[in-house]
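Undergrad: Submitted below is the structure of interest, expressed as structure tokens.
The values are calculated or read from the model by the stated rules, or taken from the named source; none is laboratory data. Computed from a predicted structure; not experimentally measured. FYI the Cβ positions are ideal-geometry reconstructions off the backbone, even for glycines, and counts take in every protein chain you see.
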Amino acid sequence: MTAQQHHDQGRAAWRLDPWDLIYADASITGLDPARQGYSSLKALLKSQSAVSRVFIDEFSRAGRDVLEWFRLAALAKRLGMNVLGASDGFDLSSPTGEMMLHVLGMFSKFFVTQLREKVHRGMTGAARRQTCLGRPPLGYGLVPKRDAQGRPMTGHDGRTINELAIDSATMSHVMLAAERFADQGWSYGRIAKEFIRLKVDGSDGWRPRSIERLLANPLYIGVAIYNRTRNVRDPETNKRITMLNPRHQWEIQRIPRLRAWSDDQWKRVRRRAYRLRRGKRQATRLSRGQKFPTTLLSGNLWCSCGQELKLVRSGRNGAMGCFHGLYGVNGCTMKTVKARSIVEEAVLAHVRQFLLSEAAVDRLVESANRALAEEAKRPREDLRPKAAEVDRLMKRRSRLVTALAGEEQDDMAEIEPSALNATCLNVSETKWRCSSTAQHGNRDATT
Ligand SMILES: [Zn+2]
């Protein structure tokens, strides 16, 4: 049977049997099998055996994901149904059906690869021209790009070309977040709450993670990085995951007019972020390398993916590396290892040069002295009211105890035990506060 005959057969079948149910998905990528229309169709197939045939406008439109086709075909076969492509003449039950499935799959895959390549090329071009790609980050807006004479530029399709520009209204929020985070010790969560309160960007969906990402965007110092990550679909779980691209594929550009932070500000933000990450790691269980170090630097080196650098080869020619990178998991791209001796020598050289130098020791002593001087300058707290409070509470406690024991003082006989408990707690808390302040005062006195 020729393709034309298939085609006619498909058409004829369609004409003869009026359909009962129509499922459609408009302008959603065929790569997504979770599309509403498609998943409803699949659910129907699974639930109702009354369906004998499924017509698809064009079989290759059932999905661009080849694996998904085979799933659909297998499901249809299992339920004893036929799948027909109305315009491309596909017929699963025909002798060539299975083969057509593979052939169409091959072409579809090729089409998707080509399309992806084209989109990627277009995006890279737009990145190089610095025309806008996607939604601008907080603090930036879109303005028409102008040529040397100040006229708005248009693309070959006649639409105006946009580019990023600093938006002072929203940028003030970014500056606020950076300051609070780097200088006032606010957490990501607290900034997120503040952003929700201020309805920043009209959104109340701010989360600690979105603040963390926001503050890590190098665009605030005028560095744009495109193509840093890519999204792929895990064929096992069908979930979208973000993978880090290898560094040489990144499109890095310096755009000074988009700079909003000073380098110093950026460094302070990054340092605090780094300290938080380290803190999180240390809060978790100690690794084996940290508990039982076998080399000089065991448990002290980390890959940029977050995994500890470990000995991947032991012995005299030992080497250190990242197991995430070696197994190609968790988006780590560090596939190489480095000899242990080279790593140790590099770290030790840095320590010798920068941490053990006289200048560095002087700096350390100076900053320690400064901190001590500041501590000594703080006004000392007056302890007399607190001592009086302790005295008063102690007396009350002893009176309550006497009352409970039933000796003398009839007027306090109806005291409740909870009142005694509260007073005891109060006494110990005030005493504790008092003693900690006193220690503090002593330390001040000795400095
Ligand atoms: Zn790694």
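Undergrad: How many residues does segment 58-79 contain that are part of a loop (DSSP other than H, G, I, E, B) and either modelled with pLDDT of 70 or more or surrounded by fewer than 14 Cβ atoms within 10 Å (Cβ to Cβ) (or both)? Reasoning before the result, please.
TA: The initial filter retains those residues of segment 58-79 that are part of a loop (DSSP other than H, G, I, E, B), namely 58, 62-65, 79.
Filter again for either modelled with pLDDT of 70 or more or surrounded by fewer than 14 Cβ atoms within 10 Å (Cβ to Cβ) (or both), leaving 58, 79.
Qualifying residue count for the region: 2.
One line per residue, one yes/no per condition, for (1) surrounded by 17 or more Cβ atoms within 10 Å (Cβ to Cβ); (2) at pLDDT below 80; (3) in contact with a Leu (Cβ under 9 Å, 6 or more places away or on another chain):
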| position | (1), (2), (3) |
| --- | --- |
| L44 | no, yes, yes |
| S52 | no, yes, no |
| I56 | yes, yes, yes |
| T96 | no, no, no |
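Undergrad: Still on this structure, please answer the following. Please go through segment 162-197 and give me each residue that is under 16 Å from S210 (Cα atoms) and acidic (D, E), ordered by number. Even if it seems obvious, please write down each step before you answer.
TA: Taking segment 162-197 as the starting set, the residues that turn out to be under 16 Å from S210 (Cα atoms) are 170-171, 173-178, 180-181, 186-197.
E194 - this is the single residue of segment 162-197 that is under 16 Å from S210 (Cα atoms) and acidic (D, E).
Undergrad: Output the residues belonging to segment 322-346 that are modelled with pLDDT under 90, surrounded by 13 or more Cβ atoms within 10 Å (Cβ to Cβ) and of a type in the set (V, I, T).
TA: T333
Undergrad: Would you mind finding the one in R370, R399 that is at pLDDT 85 or above and within 24 Å of E429 (Cα to Cα)?
TA: R399
Undergrad: What do you reckon, is G299 over 24 Å from L244 (Cα atoms), within 28 Å of the chain's Cα centre (by Cα) and away from the ligand (no atom under 15 Å from the Cβ)?
TA: On the way: over 24 Å from L244 (Cα atoms): yes; within 28 Å of the chain's Cα centre (by Cα): yes; away from the ligand (no atom under 15 Å from the Cβ): yes.
Taking the combined requirement at face value, the residue satisfies it.
Undergrad: Taking segment 306-321 as the search range and keeping residues that are buried (at least 16 other Cβ atoms within 10 Å of the Cβ) and in a loop (DSSP other than H, G, I, E, B), which one is nearest to the chain's Cα centre (by Cα)?
TA: Taking the candidates together, the pick is Q307.
Undergrad: Output the residue which, of all residues in segment 270-300 that are surrounded by 16 or more Cβ atoms within 10 Å (Cβ to Cβ) and assigned by TED's automatic domain parsing to the domain that holds S341, is farthest from N217 (Cα to Cα).
TA: Keep residues of segment 270-300 that are surrounded by 16 or more Cβ atoms within 10 Å (Cβ to Cβ), which gives 272-273, 289, 295, 297-299.
Remaining after also requiring assigned by TED's automatic domain parsing to the domain that holds S341: 289, 295, 297-299.
Working: G289: 32, T295: 36, L297: 31, S298: 31, G299: 29 Å.
Taking the candidates together, the pick is T295.
Undergrad: Quick check on segment 263-286. Is at least one of its residues within 16 Å of the ligand (Cβ to nearest atom), farther than 23 Å from A224 by Cα and at pLDDT 85 or above?
TA: No; the residues of segment 263-286 include none that is within 16 Å of the ligand (Cβ to nearest atom), farther than 23 Å from A224 by Cα and at pLDDT 85 or above.
Undergrad: Restricting segment 342-382 to residues that are assigned to a loop (DSSP other than H, G, I, E, B) and among the basic types (K, R), which is nearest to the ligand (Cβ to nearest atom)?
TA: Filtering segment 342-382 down to residues assigned to a loop (DSSP other than H, G, I, E, B) leaves 356-357, 378-382.
Narrowing further to those that are among the basic types (K, R): 378, 380.
Working: R378: 45, R380: 51 Å.
Top of the filtered list is R378.
Undergrad: Residues of segment 311-324 being closer than 10 Å to V337 by Cα and within 16 Å of the ligand (Cβ to nearest atom), which ones?
TA: L311, V312, A319, M320, G321, C322, F323, listed by residue number.
Undergrad: Can you confirm whether segment 329-341 contains a residue that is more than 16 Å from the ligand (Cβ to nearest atom) and either assigned to a helix (DSSP H, G or I) or charged (D, E, K, R) (or both)?
TA: Of all residues in segment 329-341, those more than 16 Å from the ligand (Cβ to nearest atom) come to 339-341.
Pick out the ones that are also either assigned to a helix (DSSP H, G or I) or charged (D, E, K, R) (or both) and you get 340-341.
Yes, because at least one residue in segment 329-341 is more than 16 Å from the ligand (Cβ to nearest atom) and either assigned to a helix (DSSP H, G or I) or charged (D, E, K, R) (or both).
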